[in-house]
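Peer 1: Provided herewith is a single structure, encoded as structure tokens, for subsequent inquiry.
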Amino acid sequence: MRFDVVTLFPSFIKEAFSYGVIGRAIKNRKIELETWDPRKFSDDREGRIDDRPYGGGPGMIMQARPLIKSIEAAERKSKSSYIVSMCPKGKLFNHKKAQEFVSKPHLILICGRYEGIDQRVLDQKVHEECSIGDYVLSGGEIPALIIIEAVSRFVPGVLGDPDSTIDESFSNGLLEYPQFTRPESDDYGKVPKVLLSGDHKKILQWRLKQSLLKTYRSRPDLLEQRELTEEESTLLEEIISEEKG
């Protein structure tokens with residue numbers, strides 16, 4: 001899979017992915033990553049790419065021409081590109097959206113700055129606007145990093161264990177259960193006995209109940225969206241009863 005990022009801070013993107021799982025994936029050519037600085041496509045001698053908004057208002061707007069030229073340069077790297085602009089007005093990025101994006105062999109991510117980008121960029125080139133949450137950041141670089149990180153985890157060969165994404169939070173509509181490792185007991189607490197029992201049926205049931213408990217406490221909205229199984233409904237009733245004391 002290929003990612004191209006249109007950004008005023010290309011080194012910020014490249015340095016962030018010089019480490020860890022994504023860094024190894026790039027090195028091993030499981031994914032490709034390239035950045036495009038719109039300043040290099042500016043008609044201005046100083047590389048200026050912003051100007052005052054028509055109609056007045058605070059701040060500056062990124063100009064259409066250098067952004068579109070940057071996008072077109074990135075588009076030439078493949079036969080089929082899907083172009084996403086990072087924007088708080090866009091569709092919410094989540095687990096499902098990450099799975100959707102991984103089906104696109106080439107993602108071009110546009111990182112806005114200042115007060116935004118000229119609407120003509122969105123009208124002419126962008127397939128989708130995408131937001132990572134209901135808040136505003138200074139630019140689209142951090143959202144782009146998050147999208148690349150989340151989407152890359154679904155690319156075959158990026159994670160060492162292909163089953164790593166199966167039990168993660170949101171993969172089945174619930175938050176992930178607690179995890180423990182050695183030692184079994186220390187000054188900071190003990191590992192739940194059920195995890196040491198070797199009884200896989202009981203372990204699975206404990207993990208399911210813990211997932212439901214975590215979701216009930218932290219993200220009850222996810223339970224409202226999910227059609228529960230008979231077992232899940234029974235466990236959730238237990239949890240609600242126990243929580244009410």
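Where a number appears in this text, it was derived from the coordinates with a stated rule and is not lab data. Given the structure is predicted, the values throughout are model-derived calculations rather than measurements. Cβ atoms come from the backbone with ideal geometry, glycine included; neighbour counts cover every protein chain shown.
Peer 1: Net charge around residue 81, counting only other residues with Cβ within less than 13 Å of its Cβ (Lys, Arg = +1; Asp, Glu = -1)?
Peer 2: 0
Peer 1: Between residue 123 and residue 91, what FRET efficiency follows from the Cβ-Cβ distance if R0 is 25 Å, with the result rounded to 0.05?
Peer 2: Approximately 0.90, to the nearest 0.05.
Peer 1: Figure the gain on full extension for residue 237 and residue 103 (residue separation times 0.36 nm, minus the Cα-Cα span) and round it to one decimal in nm.
Peer 2: 44.5 nm
Peer 1: Of the labelled options [x] 210; [y] 195; [z] 176, which one gives volume of the Cα convex hull per residue in Å³ as computed for this structure?
Peer 2: Correct label is [y].
Peer 1: Report the full-extension gain for the segment residue 39 to residue 19: residue separation times 0.36 nm, less the Cα-Cα distance, to one decimal in nm. The partial results should precede the final answer.
Peer 2: Details: separation 20, 0.36 × 20 = 7.20 nm, distance 2.69 nm.
Difference between extended and current length: 4.5 nm.
Peer 1: Find, among the trypsin sites (Lys or Arg not before Pro) in the stretch 20-57, those assigned to loop by DSSP (not H, G, I, E, B) with at most 12 other beta-carbon atoms within 10 angstrom.
Peer 2: 29, 45
Peer 1: Rounding to the nearest 20 debye, state how big the charge dipole of the chain is about its Cα centre with +1 on each Lys and Arg Cβ and -1 on each Asp and Glu Cβ.
Peer 2: Dipole of the chain, to the nearest 20 debye: 860 debye.
Peer 1: By count of other Cβ within 10 Å, fewest leading, how are 206, 36 ordered?
Peer 2: 206, 36
Peer 1: Grab the beta carbon distance between residue 2 and residue 142, set R0 = 25 Å, and tell me the FRET efficiency rounded to 0.05. Walk me through the numbers on the way to the answer.
Peer 2: On the way: r = 21 Å, r/R0 = 0.82.
Plugging the Cβ-Cβ distance into 1/(1 + (r/R0)^6) gives 0.75.
Peer 1: To the nearest 500 deg cm²/dmol, what mean residue ellipticity at 222 nm is calculated for the chain from DSSP H runs of n ≥ 4 alone, each contributing -39,500 (n - 2.57), summed and divided by the residues?
Peer 2: Result for the chain, helices only: -11000 deg cm²/dmol.
Peer 1: Could you check the spin-label model distance between residue 218 and residue 46? Points 7 Å from the Cα along Cα→Cβ, value in nm.
Peer 2: A separation of 4.7 nm, rounded to one decimal place.
Peer 1: Let me ask something additional. Which of the chymotrypsin sites (Phe, Trp or Tyr not before Pro) across the stretch 47-135 are loop residues per DSSP, with 14 or fewer other Cβ within 10 Å?
Peer 2: Hits after loop and neighbour filter: 54, 135.
Peer 1: To continue, here is another question. Can you give the extra length, in nm with one decimal, that the chain gains between residue 9 and residue 77 once fully stretched, where that is 0.36 nm per residue apart less the Cα-Cα distance?
Peer 2: That pair, residue 9 and residue 77, stretches by 22.4 nm at full extension.
Peer 1: Ok, one more. Hey, fewest Cβ within 10 Å first, where do 50, 4 land in order?
Peer 2: 50, 4
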